[in-house]
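J.: So that we are looking at the same thing, I have put the structure below in structure tokens.
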Number of protein chains: 2
Amino acid sequence: MSCPRITPRHLAVSITAMLMGALSSLATASTSTSFPDAAASDPAKLGWMIGSPPPADRTVRFEDGSYFQFPAMRWSVSNFRQLMPTINVSRGLGAPVPLQSALRNDIDAISFVPLGAKASMTWDQSLAATYTDGIVVMHRGKVVYERYFGVLKPEGQHAAMSVTKSVVGTLGAMLIAEGLIDPSKHVADYVPELASSAFGSATVRQVLDMTTGLKYSEDYADPNAEVWAHAKAGSPLPKPKDYTGPRSYYEFLQTVQLQGEHGRAFAYKTVNSDVLGWVIARVTGRNVAQLLSERIWSRLGAEQDAYFTVDSIGTPFAGGGLNTGLRDLARFGEMLRNDGAFNGQQIVPKAVVDDIRHGGDKQAFAKAGYDLLKGWSYRSMWWVTDKEGGAFMARGVYGQRIYVDPNAEMVIVRYASHPVAANSANDPVTLPAFEAMAQYLSRLP
Amino acid sequence: MSCPRITPRHLAVSITAMLMGALSSLATASTSTSFPDAAASDPAKLGWMIGSPPPADRTVRFEDGSYFQFPAMRWSVSNFRQLMPTINVSRGLGAPVPLQSALRNDIDAISFVPLGAKASMTWDQSLAATYTDGIVVMHRGKVVYERYFGVLKPEGQHAAMSVTKSVVGTLGAMLIAEGLIDPSKHVADYVPELASSAFGSATVRQVLDMTTGLKYSEDYADPNAEVWAHAKAGSPLPKPKDYTGPRSYYEFLQTVQLQGEHGRAFAYKTVNSDVLGWVIARVTGRNVAQLLSERIWSRLGAEQDAYFTVDSIGTPFAGGGLNTGLRDLARFGEMLRNDGAFNGQQIVPKAVVDDIRHGGDKQAFAKAGYDLLKGWSYRSMWWVTDKEGGAFMARGVYGQRIYVDPNAEMVIVRYASHPVAANSANDPVTLPAFEAMAQYLSRLP
């Protein structure tokens, strides 16, 4: 007889995996022509979840994983709260501090040549090419450009994907600056449960800079890749009765084994951020959602609460579970551009921002072989460019970005829903577009 | 062989059922001595969900239904978002309008005699007796009393339980006032899918006033009670493979059959609110969460977004799924006390508030046999007292309340987590306590 059982599909294994940002293991894809373009896949035009009830072919469900299939995913990334349990990141109760505005109408015409292309593209065209859901450009502290597409609105939250890592990394670096975490100590000194995992022998600094040696594959094409076990462990849905694996993020992290050596090469693996989240929780008595509210979100003058997705025991997904309003993400980026000072307060120590701008180990980074990011490095979960002046970036799959360019006095934040997860798919447009914007703004009187 | 299967437990059937407020079918319980008192069950002192990970016996999980067992429930009611998917009720992006404060320090000593008791009780004592999580008293538009207990904070949201119904009823009454809904029309005129259910032949007014004749039992002690099928249908968790029942609130509502006659007697049944939510969605093209934001929450000067729990296709639970900040609930109540005007705007038409204050059919209400609520009535999903001047109340299981007393120029909002669901368990304290407060405030110069 055939028993009714929950299949892996029911575990919505995609939840963690798809949020993670497997930049390293996904193929360097171009914007494939096998996907409908931004206009044809516009989630507002397609009418997902409209109607009472929505039509069957426009209903987005969590349990079968279909919510993360393109183009339904373009609705989901602005509506994760409707799909799974979450924990709030309170903005506090006071009045938001409005972002000043100095909109410029000549920005859409800025032109640049995408990497590997011959024809030039305008800024306006780049938005559709990258399946942008929302973008804000700030210059000298004012909003000079702001657009929304599809179902993202100013009053709404979008998945930050692996931009989450940079936010959590910033919290970790703050705790180091305060002396609460010693980056040269081993992870096991803070979380003894990790002693026999690969993390036991890694330093907090190696975790922050992702130079750990881990047997952890984020190759979604391989059914035996550890990313799937991670996803199953972190799913908030019930496990099948015969499931014997780890049942939470914390339980999964204890199973990760050493491969190679710590400290030699940059290797982008989401579990490092989850481990950092655990260290932070152990040191502060607060999970990353609570700490983010207390230390940053409630001090930014944010317009909206943010939120993290959680596993079945309430652990925020520190590797990719943050969702925020776009303008609040701009406030966060602008705070960093201002050396951590914003809204009349020093929110992040200047030394933390300086350290991120200064970057990490370029040789270690080079070993990871990112063709489009030559000369870059990775520091405290931020991607640090080779630009003079220390521009740095938070990157999340499907096109999420915070780009802070202190020299150009510019911050760009973008939420997107590109059909290809890997940022290598949109970098050929994104990188020169952002660079062109920086040059344009730098020339302004 | 024994097959691994999802049991009804896994469906978290409790979710809908426990949220519903089966006031009519639950026994008239007293505050039983078999439960620990408020101090002994304080969710902050018990340390639910504290730690990384929390201890096993302090972990609150959704999937096994344990989240709703007392005393874990005292944590859950302030943290539903961490347990299940939800939809946001945006407050908008502007500055909250602060509530003015004129706190009085003599309120705790107000004394009254609980119904059926001989000894008197003070207001302060009544808070523990009713397992209060938070309470705000407003008088003449100012906060005169405000307390929080356990894990509820001003910056947090608590389950409103069946107070939800009154909020949704208010939306329905607004649409009637605007002419968008004709209350004398049949439900099937708006939702043809309900034509062959009991609701097909009910008028919208009968649904609003819960005088429908429905074969729908909310007797949790009966495993065949329809409430369990409702709960299974509305659970956001995956259904077992062999499940053949309705898979959403909307699908369940179509199965409810006629029993008796519409229009004769008040019968408190949660499905009426879900049906009203469906009518509202069909008429406006917005679900109740979206409409509540648009019409009310974004105009109240609210401090926080509110939210609804949703089923697996994103339908807000109109019968009991609202969660709000306590002070925002006070703003809502104060708006109604001011004939619908608040924050410089007419938010709800005065005629709607007048109609609620005027009450519903007292004879129909009397037939339901509420011993403690003699002379009351039910109108547009509000409980209307027999007090002169038309004091009215929203009531949710476990002690949730909005009490608007126009004559006393008073609004009380309370969130609570009483161990007994039925309000008959806390009414002997609540009703005379609120009355004593009204008398005290009325005597102030």
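The values are calculated or read from the model by the stated rules, or taken from the named source; none is laboratory data. Just so we're clear, the structure is a prediction, and the values are computed from it rather than from any experiment. For neighbour counting, all protein chains shown are included, and Cβ atoms are generated from backbone atoms with ideal geometry for every residue, glycine included.
J.: The conditions are (1) more than 15 Å from the chain's Cα centre (by Cα); (2) buried (at least 24 other Cβ atoms within 10 Å of the Cβ), and A:ASP386 fails exactly one of them. Which is it?
T.: Result: A:ASP386 passes all but (2).
J.: Would region A:283-300 turn up any residue that is surrounded by 19 or more Cβ atoms within 10 Å (Cβ to Cβ), over 19 Å from A:GLY172 (Cα atoms) and at pLDDT 95 or above?
T.: No, region A:283-300 has no match at all.
J.: Just to be sure, is B:VAL352 modelled with pLDDT of 95 or more, part of a helix (DSSP H, G or I) and over 26 Å from B:ALA102 (Cβ atoms)? Even if it seems obvious, please write down each step before you answer.
T.: Numbers: modelled with pLDDT of 95 or more: yes; part of a helix (DSSP H, G or I): yes; over 26 Å from B:ALA102 (Cβ atoms): yes.
Judged against the criteria, B:VAL352 is a match.
J.: If you don't mind, another one. Given the condition closer than 27 Å to B:VAL143 by Cα, touching a residue at least 12 places away in the same chain (Cβ under 8 Å) and touching a helix residue (DSSP H, G or I) at 6+ places or on another chain (Cβ under 8 Å), answer yes or no: does some residue in region B:281-295 qualify?
T.: yes
J.: Then there's this: Can you name every residue in region B:303-317 that is assigned to a loop (DSSP other than H, G, I, E, B), touching a Ser or Thr at 6+ places or on another chain (Cβ under 8 Å) and under 30 Å from B:GLY344 (Cβ atoms)?
T.: B:GLN304, B:ASP305 - these are the residues of region B:303-317 that are assigned to a loop (DSSP other than H, G, I, E, B), touching a Ser or Thr at 6+ places or on another chain (Cβ under 8 Å) and under 30 Å from B:GLY344 (Cβ atoms).
J.: Right, B:ILE313: crowded, with 24+ Cβ neighbours inside 10 Å, within 14 Å of chain A (Cβ to nearest Cβ) and among the aliphatic types (A, V, I, L, M) or not?
T.: On the way: crowded, with 24+ Cβ neighbours inside 10 Å: no; within 14 Å of chain A (Cβ to nearest Cβ): yes; among the aliphatic types (A, V, I, L, M): yes.
No.
J.: Checking A:TYR307 against (1) touching a Leu at 6+ places or on another chain (Cβ under 7 Å); (2) within 11 Å of chain B (Cβ to nearest Cβ); (3) of a type in the set (Phe, Trp, Tyr), only one condition comes out false. Which one?
T.: So A:TYR307 meets the others, but not (1).
J.: Provide a single number: the residues in region A:155-188 that are touching a residue at least 60 places away in the same chain (Cβ under 8 Å), in a loop (DSSP other than H, G, I, E, B) and not charged (D, E, K, R).
T.: 7
J.: Please verify whether region A:224-243 includes one or more residues that are of a type in the set (Asp, Glu) and surrounded by fewer than 22 Cβ atoms within 10 Å (Cβ to Cβ). Even if it seems obvious, please write down each step before you answer.
T.: Step one: of region A:224-243, the residues of a type in the set (Asp, Glu) are A:226, A:242.
When the remaining residues are screened for being surrounded by fewer than 22 Cβ atoms within 10 Å (Cβ to Cβ), the result is A:226, A:242.
So far as region A:224-243 goes, yes, one or more of its residues are of a type in the set (Asp, Glu) and surrounded by fewer than 22 Cβ atoms within 10 Å (Cβ to Cβ).
J.: Is it true that B:GLY333 is modelled with pLDDT of 95 or more and part of a loop (DSSP other than H, G, I, E, B)? Give the derivation first.
T.: Numbers: modelled with pLDDT of 95 or more: yes; part of a loop (DSSP other than H, G, I, E, B): no.
Considered against the rule, which asks whether it is modelled with pLDDT of 95 or more and part of a loop (DSSP other than H, G, I, E, B), B:GLY333 comes out as no.
J.: Within region B:355-392, can you find the residues that are within 21 Å of B:ALA438 (Cβ to Cβ), modelled with pLDDT under 95 and outside any loop (DSSP other than H, G, I, E, B)?
T.: Of everything in region B:355-392, just one residue is within 21 Å of B:ALA438 (Cβ to Cβ), modelled with pLDDT under 95 and outside any loop (DSSP other than H, G, I, E, B), namely B:LEU372.
J.: Taking region B:97-116 as the region of interest, how many residues are farther than 19 Å from B:VAL411 by Cα and surrounded by 11 or more Cβ atoms within 10 Å (Cβ to Cβ)?
T.: 3
J.: Here's a follow-up. Please go through region B:418-432 and pick out each residue that is farther than 16 Å from B:GLN125 by Cα and outside any helix (DSSP H, G or I).
T.: Selection gives B:PRO419, B:VAL420, B:ALA421, B:ALA422.
J.: Would you confirm whether any residue within region B:202-214 is assigned to a loop (DSSP other than H, G, I, E, B), surrounded by fewer than 23 Cβ atoms within 10 Å (Cβ to Cβ) and either modelled with pLDDT of 95 or more or more than 21 Å from the chain's Cα centre (by Cα) (or both)?
T.: Within region B:202-214, the first condition is being assigned to a loop (DSSP other than H, G, I, E, B), and the residues that meet it are B:202, B:209-213.
Remaining after also requiring surrounded by fewer than 23 Cβ atoms within 10 Å (Cβ to Cβ): B:213.
Still in the list and also either modelled with pLDDT of 95 or more or more than 21 Å from the chain's Cα centre (by Cα) (or both): B:213.
Yes; the residues of region B:202-214 include at least one that is assigned to a loop (DSSP other than H, G, I, E, B), surrounded by fewer than 23 Cβ atoms within 10 Å (Cβ to Cβ) and either modelled with pLDDT of 95 or more or more than 21 Å from the chain's Cα centre (by Cα) (or both).
J.: Then there's this: Take the residues in region A:265-295 that are within 22 Å of A:GLY360 (Cα to Cα) and in a loop (DSSP other than H, G, I, E, B), then tell me which one is nearest to the other protein chains (Cβ to nearest Cβ). Outline the logic, then answer.
T.: In the first step, residues of region A:265-295 are kept if they are within 22 Å of A:GLY360 (Cα to Cα); the result is A:265-277, A:279-280.
Pick out the ones that are also in a loop (DSSP other than H, G, I, E, B) and you get A:265-270.
Details: A:ALA265: 29, A:PHE266: 27, A:ALA267: 25, A:TYR268: 24, A:LYS269: 20, A:THR270: 18 Å.
Among those residues, the one meeting the criterion is A:THR270.
J.: For region B:344-353, check the following and say yes or no: at least one residue is closer than 30 Å to A:ASP305 by Cβ and either within 14 Å of chain A (Cβ to nearest Cβ) or under 16 Å from the mean Cα position of the chain (by Cα) (or both).
T.: Looking for residues that are closer than 30 Å to A:ASP305 by Cβ and either within 14 Å of chain A (Cβ to nearest Cβ) or under 16 Å from the mean Cα position of the chain (by Cα) (or both), one finds none in region B:344-353, hence no.
J.: While we're looking at this one, here's another question. Within region B:189-221, track down each residue that is acidic (Asp, Glu), within 20 Å of B:ALA173 (Cα to Cα) and touching a Phe, Trp or Tyr at 6+ places or on another chain (Cβ under 8 Å). Spell out the reasoning first.
T.: Let us first name the residues in region B:189-221 that are acidic (Asp, Glu), namely B:189, B:193, B:209, B:218-219.
If we keep only those that are within 20 Å of B:ALA173 (Cα to Cα) too, we end up with B:189, B:209.
If the condition is that a residue be acidic (Asp, Glu), within 20 Å of B:ALA173 (Cα to Cα) and touching a Phe, Trp or Tyr at 6+ places or on another chain (Cβ under 8 Å), then B:ASP209 is the only one that fits.
J.: Of the conditions (1) at positive phi; (2) at pLDDT below 95, B:GLY399 satisfies every one except a single condition; which number is it?
T.: Going through (1) at positive phi; (2) at pLDDT below 95 one by one, B:GLY399 breaks only (2).
J.: Among the residues of region A:235-273, which ones are aliphatic (A, V, I, L, M) and either under 18 Å from A:TYR370 (Cβ atoms) or free of Cβ contacts under 8 Å to residues at least 24 places away in the same chain (or both)? Break it down into steps so the answer makes sense when it comes.
T.: Taking region A:235-273 first, the residues aliphatic (A, V, I, L, M) are A:237, A:253, A:256, A:258, A:265, A:267, A:271.
Result: A:ALA265, A:ALA267.
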